[in-house]
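Asker: My questions will all concern the structure given below.
The values are calculated or read from the model by the stated rules, or taken from the named source; none is laboratory data. Owing to the predicted nature of the structure, the values given are computational and were not obtained by experimental measurement. With ideal geometry, Cβ positions are generated from the backbone for all residues, glycine too; neighbour counts draw on all protein chains shown.
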Amino acid sequence: MTAITEKPQLTPKDFASEQEVRWCPGCGDYSILKQVQTILPEIGVERENVVFISGIGCSSRFPYYMNTYGMHSIHGRAPAFASGLKIANPDLSVWVITGDGDALSIGGNHLIHALRRNFNLNILLFNNEIYGLTKGQYSPTSPSGKVTSSTPMGSIDHPFNPLALAAGADGTFISRAMDRDPKQLRDVLREANEHKGTSLVEIYQNCNVFNDGAFGVFTDKHTKANTTLFIEHGQPMIFGENQNLGLRLEGTTPVVVDLEDGKFTKDDLWVHDKYDRFKAEILMRCFETPGEDLQGVPRPFGVFYREDRACYEDLLHNQIKTSYERKGAGDLDALLKGTNTWTIE
Amino acid sequence: MENIKTKVPERINENKKVVTILFAGDSGDGIQLTGSQFTNTSALFGNDISTFPNYPAEIRAPQGTIAGVSGFQLNFGSIEIFTPGDRCDVLVAMNAAALKANIDKLKIGGTIIANIAGFDKKNLKLAGYLDQRNPLEDNSLGKYRTIEIDIAKLTREALKESTLGVKEKDRSKNMFVLGFLYWMYNRDMALTEKFLKEKFAKSPELVESNLAVLKAGYNYGDTSETFTTRYEVKPAPMPKGNYRNMMGNQAVAIGLLAAAQKAGLALFYGSYPITPASDILHELSKHKNFNVRSFQAEDEIAAITSAIGASFAGDIGVTASSGPGIALKGEALGLACILELPLVVVNVQRGGPSTGLPTKTEQADLMQALYGRNGEAPIPVIAASSPKDCFDTAFEAVRIAVEHMTPVFMLSDGYIGNGAEPWRYKTADELPEIKPPLIREPNQGDAFMPYLRDEKGVRPWAIPGIAGLEHRIGGLEKEDVTGNISYDPDNHEKMVKLRAEKIDKIALSIPLQETDNGYDTGRLCILSWGSTYGAVKTAVKEMIDEGYSVSHIHLRYIFPFPRNLEKLLRGFDHVMVPELNNGQLVKIVRSEFLIDAKPLNKIMGLPFSSSEIRDEAEKFFV
C-alpha cells in the first residue's frame, strides 16, 4: 500500500494572522481582507510561498493581518520592492496592496514600470478617492470640485482614470471590482491570480469616515442597477433593473439602448472580448459620473483586458540560464585573475 | 627651447625612477584609450602605476575648446607609487586647448609633445589664445622642452597605401603618439598589438591601419635622429605575486560578486545610471553566469527598494549611486535599518551639492552617509582608499551587511572609481567565508520570533518559502523579539538602543586600527580616509625619510570606528585631517573624542597633491 500524506486543506482562517485588525469600524477594507483570505485556500498556494507587500496608507496595513510572509514598506514603492522580490524568487505568489494615493500619486512611477515590465504579481489598488490615514485630503482619483480639508474651495485637479493609466502603461491584466460586491470581487481576484503577468485590480473601497458614499451611486440598491455594468468575456453587455438595458458599440462610441422598445435585441449589443485591446480601452474610458437621472453609460466592473506577454523575471532568468550555457558556471578564480596578468618573482 | 635639430648620433639611455605623463586632447581624440594602453603595457612590464582620467561632463563637448579637453594622467615608476603624480614630466597636447588647460601641471623642464596640426588658427582661436598667438612660436614655452610633431601628416603618410577615408585615417593618430611614447620609454608594443587585433577583429583593415600608425610612431622616434634620449623606468620592487591592472569601479563589482559567492548567496544589483557609478552596473551585467541579477530600475528609489525586496527574498541586495542618487535613497535606507535586512549601498562620490560636478571627485558625502536619514538610523560606513582597495572594501561591506543584518554604506569616489593600479589578485580560496544568519526552523519552541537576537545583537534571516517561519516586517516600530507593531514608549527606546548596540558591536569584528606609516606616537598624525590615501602616503613617506616625527593613520572603518582609534590618536601632539570637503571627518573626530584635530580642506573637484599635504603638515613643525 502506498501511504499518501496530503497536507490538510487550508481554510481562510489559516491565512489570518493573530494581529487585531485595526481599520475603522465599517471600513471597506474588511470586506477586501475577507475575500482575499477566502480565495487563497481555493487557489492552492501554500502560506509560506505567499508574500504581501504594501506601501503606506490605510490599505497598507493589510500584510500584518495575513499569516503569510509580508512587508509593510514605504510610501508608493511597493511595486519596486515586489520587483526585486520576484527577480530573487520568481516562484513566490506576490500580492501588492496599495491605495489611490500610494499607487497613483507618490508611487505612480513604480506602478507604470511594474505594469510595462509585467512581473508576475497581483496589484490590488484600494481606491477610496481620499487620503484616509492623513485625515481626509483629496487624492489623485478624487473628482474635480471635491471639497476636502486641503481643498476648501473644491479640488481643481483633474482625476486619474486608473484603468486607462494602466492601459497606457501596457498592463496585461486590467480589472475593476468593489468592496460591496464580494462575489464579483472574489471572481476577479481568482482570475487576477491565475493570470501570469502584472494583474491590476482596482477595488472601489468605501472610506466611511472621510469619504462615505463616494461610490454610493454604484452600490446603493436603488441606483446600482442603472449605473453599473458587470462585464463577462463573450457575453453581451446587459444591465438595468430588469436586464432591460444594453450597451452597443456604434463606431467607437458606446451607446445605451433600451431592450424593451423593440428597436434592439441582445444580439445587437456589444459582446465583451477581454483580449481585444482597442475595445477594452474604449470600455475603460466609460468613466462618466452618473447624473441625477442615472441615464448615462454605466460604470463597468470585471476584467476589462487580458493579454499573454512574457514576464520580466522569466526573461531575466532566461538570460542568466543562457549565460550559464554559453560560458559555464562562473569561475571566481578566473574572474579575479582577469585577462592580462604578470608575475613578480 | 631646446634645439632639437642638432644631430647627435649616439643615443643616451637615461634611467628614471618615476615618470608622470599627461595625455590631453579633445574628448574624441582617443585620449583615455591611449592612456590605458600605456598603463597596461607598463603594468605588464612591472612598473608600479597609478592613473587618473579627467574628462568633461559633456559626451561630445565642443571640439577644440578648453571645456572639451579630456585628460589621462599616468604615474609609473621603479618605486612604489601611490598617486597619479602631482606634476607631470611629459604633457602630450593634441591641440592648443589641451596645452592651455594643462601647462600649469607640467614640471619646469618637462617635455611637451605637441601635435602641430592642433595649433592651427582655428584651434588657437577655440582655445582662446589672444589674436591666435601660437604658444609654440612665441617663446612662451621656454621653460620646457617642446617636441613638435605633425602627427596628422605623419599618420596619413603611414596610411598612404590604405583605402580608408581621411577621417578614418585621422582617427588613428592617437596610435602614433602611443607608438612614439613606447619608443621613448623603451616599451614593448605586443600588448597593444594584441588589443587592436581583438578590438577590431571584425574589420582587418582597421587592425592594419592602427598597427601601421602605431609602428610609424615608434619608428619615427627610432629613425628621425632628432631624439637623443630614451628613458628607462625599471620594474618596481613590488611584493612577489601575480598581478593584474584594476580600476576602482571594476574592483567594486568584482568584490561584491566574490563576496556573494563566498556567502553562498545570489547577488541582486539594483541600479539607476549615474556618473561616476554606472561602470559598476556595466561590469556586473556581464557576469550573469555568476547568478548575478542586475536590474536597471526606473529610478534611484526603485533601485534601492528592489534591492531590499531581493534581500527579503534571500539575495544579497546591493545598490550603487553617487550623491544626488543617494539622497533619493534616504527613506529606503531608514527602512532597511529598521527591517534589519542586509543591504550594501555604494556611493561613488562626486562634487556636490545637487548635480554639482558630475565628473569630478569629492569626499563631501560622509555626513550624508553617517546621518542622512530621519530618526535614529545608524548604518555602518566604510571607505575605499584606492582603486584596488575597492575590492577588499566591497567584500567587507557585504560581510558586515550579511553577518550583522544591516545596510552598509561603502564610500568610493570618482577619483578612485575611474583610477587604476596594479592589483595582486587573490584566489577564491584566500577569501574568507561569509556566514549569513539564515534560519530554517522556529527559534522559540514552535514559534518563530523574527527579532530574537544572538549575542552580537543580530536577528535571524528567514526567507519566504520556508513553512513555519511566515512573518511580517515593516517600517513601523516593532516590538522587541516578536516584531509585531508596537507604539509602546519603553519598547521604542529599547529598540532604538538595541539597533544602535548591534552596530556598535560590529567594532568587535573589525581589525584594530594600525598606523599605516610612522610610529604609534609622535608630534603629528595625519588622519585620512578614502581616496586621499595615496597623496598622504607619499607626503608622509618623504617627511619620515627626512626625519619628521609624523605618522599616517588611514581609516577604512568610519562607523563604527576601530575600538583603539581614540587611544592611538591621543599618542600624538597634533592630528591633521585632510579631506576633499569642507571638514567632515574632522568634525566627527572632534565631537567623538574631544581631540583638537585640525582640518585641511580642498574643494576643487580634484584630488590632493602630496605637496599640498606636505606643505600643511610642515606647519606643525615650525
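Asker: Just to be sure, is B:A377 surrounded by fewer than 21 Cβ atoms within 10 Å (Cβ to Cβ) and of a type in the set (G, A, S)?
Answerer: Yes.
Asker: I want to confirm something. Restricting to segment A:296-342 and keeping residues that are among the hydroxyl-bearing types (S, T, Y) and more than 7 Å from every other protein chain (Cβ to nearest Cβ), which single residue is nearest to A:A214 (Cα to Cα)?
Answerer: A:Y305
Asker: Looking at segment B:110-125, is at least one residue hydrophobic (A, V, I, L, M, F, W, C), under 32 Å from the mean Cα position of the chain (by Cα) and either farther than 22 Å from B:K167 by Cα or not assigned by TED's automatic domain parsing to the domain that holds B:A212 (or both)? Steps first, answer last, please.
Answerer: Taking segment B:110-125 as the starting set, the residues that turn out to be hydrophobic (A, V, I, L, M, F, W, C) are B:112-114, B:116-117, B:119, B:124.
When the remaining residues are screened for being under 32 Å from the mean Cα position of the chain (by Cα), the result is B:112-114.
Okay, now just the ones that are also either farther than 22 Å from B:K167 by Cα or not assigned by TED's automatic domain parsing to the domain that holds B:A212 (or both), so B:112-113.
Among the residues of segment B:110-125, at least one is hydrophobic (A, V, I, L, M, F, W, C), under 32 Å from the mean Cα position of the chain (by Cα) and either farther than 22 Å from B:K167 by Cα or not assigned by TED's automatic domain parsing to the domain that holds B:A212 (or both), which makes the answer yes.
Asker: Can you tell me which residues in segment B:305-326 are over 22 Å from the mean Cα position of the chain (by Cα), more than 7 Å from every other protein chain (Cβ to nearest Cβ) and free of Cβ contacts under 8 Å to residues at least 60 places away in the same chain?
Answerer: Within segment B:305-326, just B:S311 meets the criteria.
Asker: So for segment A:264-282 (the condition being surrounded by 16 or more Cβ atoms within 10 Å (Cβ to Cβ), touching a residue at least 12 places away in the same chain (Cβ under 8 Å), of a type in the set (A, V, I, L, M) and touching a helix residue (DSSP H, G or I) at 6+ places or on another chain (Cβ under 6 Å)), does at least one residue qualify?
Answerer: The answer is no; no qualifying residue exists.
Asker: Among (1) under 19 Å from the mean Cα position of the chain (by Cα); (2) more than 30 Å from A:L121 (Cα to Cα), there is one condition A:V256 misses while meeting the rest; what is its number?
Answerer: (1)
Asker: Can you confirm whether B:S285 is in the same structural domain as B:I326 (by TED's automatic domain parsing) and surrounded by fewer than 19 Cβ atoms within 10 Å (Cβ to Cβ)? Steps first, please.
Answerer: Working: in the same structural domain as B:I326 (by TED's automatic domain parsing): yes; surrounded by fewer than 19 Cβ atoms within 10 Å (Cβ to Cβ): yes.
Yes.
Asker: Sticking with this one: Mind checking whether some residue in segment A:69-85 is farther than 23 Å from A:N161 by Cα, modelled with pLDDT of 95 or more, touching a helix residue (DSSP H, G or I) at 6+ places or on another chain (Cβ under 9 Å) and of a type in the set (S, T, N, Q)?
Answerer: Scanning segment A:69-85, I find at least one residue that is farther than 23 Å from A:N161 by Cα, modelled with pLDDT of 95 or more, touching a helix residue (DSSP H, G or I) at 6+ places or on another chain (Cβ under 9 Å) and of a type in the set (S, T, N, Q), so the answer is yes.
Asker: Consider segment B:446-473. How many of its residues are of a type in the set (D, E, K, R), at the interface with chain A (Cβ under 7 Å from one of its Cβ atoms) and part of a loop (DSSP other than H, G, I, E, B)? So that I can check it myself, show each step before the final result.
Answerer: Step one: list which residues in segment B:446-473 are of a type in the set (D, E, K, R), which gives B:446, B:453-456, B:459, B:470, B:472.
From what's left, at the interface with chain A (Cβ under 7 Å from one of its Cβ atoms): B:470, B:472.
Next cut, part of a loop (DSSP other than H, G, I, E, B) only: B:470.
Residues in segment B:446-473 being of a type in the set (D, E, K, R), at the interface with chain A (Cβ under 7 Å from one of its Cβ atoms) and part of a loop (DSSP other than H, G, I, E, B): 1 in total.
Asker: For the list (1) facing chain B (nearest Cβ under 9 Å); (2) crowded, with 24+ Cβ neighbours inside 10 Å; (3) under 15 Å from the mean Cα position of the chain (by Cα), I need the number of the one condition that A:I112 fails.
Answerer: (2)
Asker: Return the total of residues in segment A:57-74 being more than 7 Å from every other protein chain (Cβ to nearest Cβ) and not in a helix (DSSP H, G or I).
Answerer: Count: 3.
Asker: Looking only at segment A:6-29, which residues are surrounded by 15 or more Cβ atoms within 10 Å (Cβ to Cβ) and either away from chain B (no Cβ under 14 Å) or under 14 Å from B:E470 (Cβ atoms) (or both)?
Answerer: A:L10, A:P12, A:F15, A:A16, A:S17, A:Q19, A:C27, A:G28, A:D29 - these are the residues of segment A:6-29 that are surrounded by 15 or more Cβ atoms within 10 Å (Cβ to Cβ) and either away from chain B (no Cβ under 14 Å) or under 14 Å from B:E470 (Cβ atoms) (or both).
Asker: A follow-up question, please. In contact with a strand residue (DSSP E or B) (Cβ under 9 Å, 6 or more places away or on another chain) and either buried (at least 22 other Cβ atoms within 10 Å of the Cβ) or aliphatic (A, V, I, L, M) (or both), is that true of B:G77? Write out each step before concluding.
Answerer: Numbers: in contact with a strand residue (DSSP E or B) (Cβ under 9 Å, 6 or more places away or on another chain): yes; either buried (at least 22 other Cβ atoms within 10 Å of the Cβ) or aliphatic (A, V, I, L, M) (or both): no.
The answer is no for B:G77.
Asker: Still on this model: Quick check on this structure: which one of B:V233, B:V292 is surrounded by 24 or more Cβ atoms within 10 Å (Cβ to Cβ) and under 30 Å from B:Q37 (Cβ atoms)?
Answerer: Criteria check complete, one pass: B:V292.
Asker: Of the conditions (1) assigned to a helix (DSSP H, G or I); (2) in contact with a strand residue (DSSP E or B) (Cβ under 8 Å, 6 or more places away or on another chain), B:V346 fails just one. Which one is it?
Answerer: For B:V346, the failing item is (1).
Asker: Another one. Residue under question is B:I103, and the condition is that it be buried (at least 18 other Cβ atoms within 10 Å of the Cβ), among the hydrophobic types (A, V, I, L, M, F, W, C) and in a helix (DSSP H, G or I); does it hold?
Answerer: yes
Asker: Considering only residues that are more than 19 Å from B:V166 (Cα to Cα) and assigned to a helix (DSSP H, G or I), which ones fall in segment B:196-214?
Answerer: B:L196, B:K197, B:E198, B:K199
Asker: In this structure, does A:R77 turn out to be buried (at least 24 other Cβ atoms within 10 Å of the Cβ), within 12 Å of another protein chain (Cβ to nearest Cβ) and either within 18 Å of the chain's Cα centre (by Cα) or farther than 23 Å from A:I130 by Cα (or both)? Walk me through how you get there before you give the answer.
Answerer: Working: buried (at least 24 other Cβ atoms within 10 Å of the Cβ): yes; within 12 Å of another protein chain (Cβ to nearest Cβ): yes; either within 18 Å of the chain's Cα centre (by Cα) or farther than 23 Å from A:I130 by Cα (or both): yes.
So A:R77 passes the test.
Asker: Go through A:D273, A:D261 for me and flag whichever is part of a loop (DSSP other than H, G, I, E, B), charged (D, E, K, R) and touching a Gly at 6+ places or on another chain (Cβ under 9 Å).
Answerer: A:D273
Asker: What are the residues in segment B:234-278 that are farther than 20 Å from B:S306 by Cα, hydroxyl-bearing (S, T, Y) and over 13 Å from the mean Cα position of the chain (by Cα), if any?
Answerer: B:Y243
Asker: Quick check on segment A:88-109: of everything there that is more than 14 Å from the chain's Cα centre (by Cα) and among the hydroxyl-bearing types (S, T, Y), which residue is farthest from the other protein chains (Cβ to nearest Cβ)?
Answerer: Going through the qualifying residues, I end up with A:S105.
Asker: Let me ask something additional. Restricting to segment B:41-97, and then to whatever is touching a Leu at 6+ places or on another chain (Cβ under 8 Å), outside any strand (DSSP E or B) and of a type in the set (A, V, I, L, M, F, W, C), can you tell me which residue is nearest to the other protein chains (Cβ to nearest Cβ)?
Answerer: Out of the qualifying residues, it is B:L44.
Asker: Restricting attention to segment B:466-476, and to residues there that are touching a helix residue (DSSP H, G or I) at 6+ places or on another chain (Cβ under 9 Å) and without any contact (Cβ under 8 Å) to a residue 40 or more places away in the chain, which single residue is nearest to B:A266 (Cα to Cα)?
Answerer: Step by step, filter segment B:466-476, then rank; the result is B:I466.
Asker: Within segment A:38-55, restricting attention to residues that are more than 14 Å from every other protein chain (Cβ to nearest Cβ) and outside any loop (DSSP other than H, G, I, E, B), which residue is surrounded by the fewest Cβ atoms within 10 Å (Cβ to Cβ)?
Answerer: So, considering only residues that are more than 14 Å from every other protein chain (Cβ to nearest Cβ) and outside any loop (DSSP other than H, G, I, E, B), the one surrounded by the fewest Cβ atoms within 10 Å (Cβ to Cβ) is A:E42.
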